[in-house]
Every structure is written in C-alpha cells, then in structure tokens.
Amino acid sequence: MIGHKRRNESYGISREPAMIALALFVIAILIVFILYPLFSIMQTSFQSSDGAWTLQSYIDTLQNKNFGKAFSNTMRLGLTTGLFSTLVGFFYAYTLECVKSPLKPFLRMVEILPLITPPFVLSFSAIMLLGKRGLITYGLLGLKKWNIYGFHGLVIVQTMSFFPIASMTFEGLFQNFDVSMEEAARNMGAGRVKVFLTVTLPMMLSGIANVFLLSFIESVTDFSNPTVLGGGYTTLATQVYVQAIGNYNIQAGTTYAMILLLVTVAAFTLQKAFLDKRSFVTLTGKATREREMIADRSVSIPCNAFCVFVCAAVLLFYVFMILGGFFAKWGADYTLVLDNFEFVISRSGKPIGDTLLISLLVAPLCSLLSVMIGYLIVRKRFTGRGFIEFVSLFGMAVPGTVFGLGYILSFNTPPILLTNTLTILVIVLVMTRLPVGVRSSIAALRQIDPSIEEAASNLGANATKVFGSVTVPLIKPSFFSSWVFSFIKSMTAISAVIFLVSANYNLLTVRVMQHVDKGQFGYACALSTVLIVIVLLVVTLMRAALKRMGVSSDVNDLMK
C-alpha cells in the first residue's frame with residue numbers, strides 16, 4: 001500500500017493490563033531491593049545516634065587520616081589496575097580477533113578461567129608462590145625480604161583477574177569494526193604499524209576509555225583481593241566492612257559506603273557516556289566481509305608470545321593453587337596427601353549444599369527478571385520506562401559491600417525481616433547479577449525485527465502470549481547465557497554475601513575466606529578446588545542440556 005508506515009517498534013501499555021501489572025511489579029522490585037537499601041545507607045550516614053540529621057560523620061571521616069589513606073590507595077589501585085587491565089585485554093583481544101594463531105582455543109579457555117573461579121583464588125595463590133615463604137621467591141630465588149602484600153601484589157592479581165573482562169569487551173568491538181578503513185589505508189601504502197597507530201587506535205579510543213573505566217570500577221569495588229593480599233594497604237571497599245562489622249561503627253561504615261558509591265557512580269556515568277559513543281567505532285556496523293587474519297611474522301610472533309606469557313602466568317597460579325590442596329603443609333612439607341580434601345569435604349557439606357541451592361535459585365530468577373525488564377525497555381513505551389532502565393543498570397555501579405551493608409540495614413527489622421534467611425541471599429545475588437542480564441536482553445531484543453511480534457498481535461495474540469510464545473523463544477540464547485552466567489557468579493560471590501551469611505546459611509566462598517584468614521592455605525586451596533570442580537561440572541551439564549535443546553549459551557557474549 002502506498003504511504004503505508006510500519007508501526008513503531010515500541011508500543012504503549014495503556015490497553016494491556018498484563019503489561020501494566022508487569023511494569024508495576026518491576027518498578028516495585030527495583031525500588032525495594034535496589035533503591036531502598038541505598039537510601040538506608042544514606043539515611044544512616046546522615047543520622048546521629050539520637051536520630052538527628054547531621055554531617056558530623058562525614059566531617060569526622062574526611063578529617064580521619066585512615067580515610068585519606070584508604071581513599072588515595074583506592075584511587076591509585078583503581079587507576080593502575082585499570083591501565084594494565086586495559087592494555088593486557090586490548091592486545092589479548094587483538095591477537096584473538098586480528099592475528100593468525102593456532103593457539104586461539106587455548107587462549108579462549110584460559111581467558112574464561114578467572115571468570116568462573118572465586119575472585120580471591122589468585123590472591124592466596126600469589127602468597128604461596130610469591131610471598132615471604134613463597135615457592136618461587138623463597139624456595140627458588142632465595143629472596144628473604146620480598147613482600148607480595150600491598151600495592152604491587154594487588155596490581156598483579158587484579159590485572160590477572162580483570163583483564164578477561166576487558167579482553168571480551170574488546171573482542172566485541174573488533175568483531176564490529178569496519179575493516180575497510182584499515183584496508184583503504186593499506187592500499188594507499190601505509191605499513192601495518194602506521195595503520196594500527198593512525199586508523200585502528202583512533203577509532204577504538206572511545207571503546208578503550210569505556211574498558212578502562214569498567215576495569216577501574218571492578219578494581220575499586222573489589223573486596224576480596226585487598227582483604228587477602230592487602231596487608232596494610234587499605235581500600236574503601238575493605239573499610240566499609242571493617243568499620244561496620246569489625247569496629248561495630250555502622251555510621252562510619254555507611255559513610256565510607258556512600259563515598260565509595262559516589263566514586264563508582266562517577267566512573268559509571270563516564271563509562272555510560274563513552275559507551276553511548278560506541279557507534280563511532282563500528283561506523284557502518286558489521287564489516288562487509290570477515291577480517292583477514294594477520295599472518296605477518298613481525299606481528300604474529302610478538303602477539304602470540306605476549307598471550308602465551310599471560311596464559312602461563314595465569315595457569316601457574318591456578319595449577320599451584322590446586323597443588324596446594326595436596327601438600328601436607330605449604331612452605332614446610334610438600335608431601336602429597338589427601339588430608340586437606342578429606343577435612344574440608346567432611347566439614348563443608350552444608351556450605352556446599354547451601355551454595356548450590358542458592359545459585360540454582362538465582363540463575364533462573366535473574367534470567368527471567370532480566371528478560372522481562374529488557375522487554376519492557378525495548379518493546380514498550382510508557383511513563384517509567386527510563387526509570388526501569390536506569391535503576392536496573394545502575395546496579396553495575398553499586399559495590400557488593402555497599403549492597404550487603406544496605407541489605408543488613410534495610411531488612412533486619414519488620415515489616416521486611418529477611419536477615420538469616422535463604423531469601424535475602426537469593427535476592428541480593430539476583431540484584432547484583434541483574435545488570436549483565438538486562439544489558440544482554442536489551443541487545444538481543446534490539447536485533448529482532450519487531451514486525452515478527454506485530455504479526456502475532458495481528459493474529460489475535462495478547463501481549464502475554466506474544467511475550468511467552470514469540471519473544472522468549474527468539475532470545476533463548478541470551479536468556480540461557482544469562483542463566484549460566486548468573487549461576488557461575490553466584491557460586492563465586494563474596495563481597496555482598498559476606499555481610500549476610502549466618503549459621504542458617506553459609507557459602508563456600510565465605511568458608512574459603514575464613515581458612516585464608518587463619519592461614520590455613522591447604523584447606524583454602526582444597527576447598528577452592530572443590531568449588532571450581534562443582535562449577536565446571538554443573539556448567540558442563542547445563543550446557544549439554546541446552547545443546548540438546550538446540551540452544552547456544554556462550555557466556556562470553558554477555559561480556560561483549
């Protein structure tokens with residue numbers, strides 16, 4: 001028909017009671033379980049013991065030398081780790097996406113290791129290898145004054161922990177890069193180095209800035225690595241826990257939490273600004289043809305050598321972490337025994353069961369909520385849509401320790417009494433994993449032509465039917481990738497849940513931290529190995545089941 005216009009890809013919900021109910025439900029969830037805990041922290045930080053509103057806690061904190069030290073340490077660590085994670089991630093991704101290499105399956109396997117293991121595993125492995133009685137520093141090199149604790153050790157461990165996130169993000173950018181620009185420069189006589197410096201890097205600048213800020217946020221919100229490896233190097237994330245739980249000073253803890261939140265929100269706002277410029281990198285979207293891998297030995301040999309060095313360092317830490325569970329006593333007796341495994345398995349049955357149960361509950365709940373939120377944001381037009389999008393993604397800027405403290409303050413008394421229950425652990429893990437799932441769902445829905453859903457509506461299907469029978473099947477890969485990702489991150493979570501575990505429900509990661517605090521590295525290594533084996537086993541079973549259903553669930557796609 002001449003002059004026919006396609007309907008807008010998003011539709012109002014005024015005549016759809018089910019969608020109105022869904023929007024109200026989502027808004028209520030976000031207010032109660034994201035905004036309310038943050039408000040409780042802010043309120044507590046501004047209230048004195050008699051309930052009066054005051055700035056005294058902020059004045060005392062800002063004048064405290066310990067705060068100044070923790071703040072400067074946090075910023076220094078975040079900036080340095082952000083820089084190194086970005087550099088390592090960039091060249092790792094460049095090798096995977098642009099350089100010819102027979103090692104790519106191996107590189108991708110190592111790349112995902114830090115994502116499926118507890119964040120502090122590399123820290124106590126660093127202590128065992130590079131500490132005062134470390135196998136390398138003391139045993140092989142005879143260094144008696146070497147100290148891995150503090151800034152330098154944290155930079156090494158955090159870079160190894162966070163470079164995969166940077167690398168996977170860069171992989172997505174390279175896959176969307178229009179290679180015709182590089183080819184044009186090459187055809188005009190420019191060498192590979194000149195093309196890289198004058199074409200590739202300038203077009204990637206916004207993406208590089210985005211990844212740097214993402215790595216910075218990961219570093220400043222990291223709780224576990226500074227706790228294990230910090231020594232006297234205090235950070236804001238660790239001080240939130242020390243002040244609130246260690247010193248029983250809730251007001252000081254909430255003040256530290258608010259200041260840390262301001263830092264991460266500022267970085268998140270900048271990161272979103274750079275993310276919005278992502279189209280500058282892709283120009284025309286997908287390249288018209290596949291990128292030709294660089295086979296030039298002057299490029300491929302250094303790039304592959306660099307990646308092999310990174311992989312060797314990561315694998316060294318993981319191999320000796322596993323071996324640490326078999327040694328009778330690290331640093332003194334390297335006799336191979338099974339005592340450590342027998343001890344932790346006999347004493348950790350309940351934490352293993354609790355961790356598995358909670359993670360298996362979080363995974364489907366987080367995936368389903370993510371899809372519902374993504375559907376409302378992309379496909380519906382109503383007052384409050386912007387609020388839902390902002391708050392659901394805002395969780396990326398909230399440190400886990402801030403979430404944990406907020407939940408303690410908000411749900412420790414009626415009318416919503418959740419402390420010491422399974423429910424509070426499930427909810428906090430769903431909320432902390434929600435942003436990644438929402439972002440994935442939004443990206444998947446925007447790739448689907450809305451006319452498919454419109455056709456179902458024209459045939460008489462209501463909004464609920466369209467969502468369940470058309471939309472969800474079309475985004476199954478994104479849905480189940482979010483499912484697997486949520487399970488993995490719930491199994492390895494520590495920063496938010498350390499405030500919320502109790503005698504009723506405990507988690508494996510918290511039990512490992514307890515062994516590390518006591519210097520029981522053999523037990524910590526053995527239990528970490530058990531945790532990794534459980535994660536790999538369950539994820540393998542999940543992916544096998546999904547494959548039989550004809551669904552791909554590539555967790556890497558969530559990070560791009």
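The values are calculated or read from the model by the stated rules, or taken from the named source; none is laboratory data. Quick caveat: nothing in here was measured; it's all calculated off a predicted structure. Neighbour counts run over all protein chains shown; Cβ positions are idealised from the backbone, glycine included. Areas reflect the complete protein model, heavy atoms only, side chains present, ligands, DNA and RNA absent. Shrake-Rupley method; radii C 1.70, N 1.55, O 1.52, S 1.80 Å.
Panel values: the chain, Kirkwood radius from alpha carbon pairs, Stokes-Einstein at 20 °C and 1.002 mPa s, translational diffusion coefficient 85 µm²/s. Calculated translational diffusion coefficient of segment 63-155 (25 °C, 0.890 mPa s; Stokes-Einstein with Kirkwood radius over alpha-carbon pairs) equals 153 µm²/s. Distances between placed amide hydrogens fall under 5 Å for Q47 paired with T54, all partners being 5 or more residues away or on another chain. Simple point charges give the picture: +1 on the Cβ of Lys and Arg, -1 on the Cβ of Asp and Glu, and for the chain a dipole about the Cα centre of about 520 debye.
Backbone amide hydrogens, once placed in the peptide plane, bring R381 within less than 5 Å of Y11, G12, I13, excluding anything fewer than 5 places away on its chain. Comparing segment 476-541 with the 2.2 N^0.38 Å rule of thumb, its C-alpha radius of gyration ratio is 1.26 (two decimals). For the set K65/K489; K65/K329; K145/K329; K69/K329; K194/K489, the pairs lying more than 32 angstrom apart at their alpha carbons are K65/K489; K65/K329; K69/K329; K194/K489. Helices assigned as whole DSSP H runs in the chain whose Cα atoms extend at least 24 Å along their own long axis and whose mean Kyte-Doolittle hydropathy is 1.0 or higher are found at 151-175, 201-220, 250-275, 297-324, 349-379, 422-446, 521-548. The value of relative contact order for the chain, using C-alpha pairs under 8 Å at least six residues apart, is 22 percent. When a/c is below 1.5 the answer is rounded, else prolate if a/b is larger than b/c, else oblate, so apply that to segment 297-377 with a ≥ b ≥ c taken from the square roots of the Cα gyration tensor eigenvalues. Since a/c reaches 1.5 but b/c is at least a/b, the shape of segment 297-377 is classed as oblate. In the complete set of protein chains, residue-level accessible area for S469 is approximately 60 Å², probe 1.4 angstrom.
Can you give the accessible area of E342, probe radius 1.4 Å, in Å² rounded to 10? Here the accessible area works out near 110 Å². Report summary: the helix-based calculation at 222 nm, which adds -39500 (n - 2.57) for every DSSP H run with n ≥ 4 and divides by the residues of the chain, gives -21500 deg cm²/dmol. A simple spin-label model places the labels of R192 and F25 5.5 nm from each other, with each point 7 Å out along Cα-to-Cβ.
Among S224, M203, A257, which residue has its Cα furthest toward the positive end of the charge dipole of the chain, with +1 on Lys/Arg Cβ and -1 on Asp/Glu Cβ? Positive-end residue among those listed: M203.
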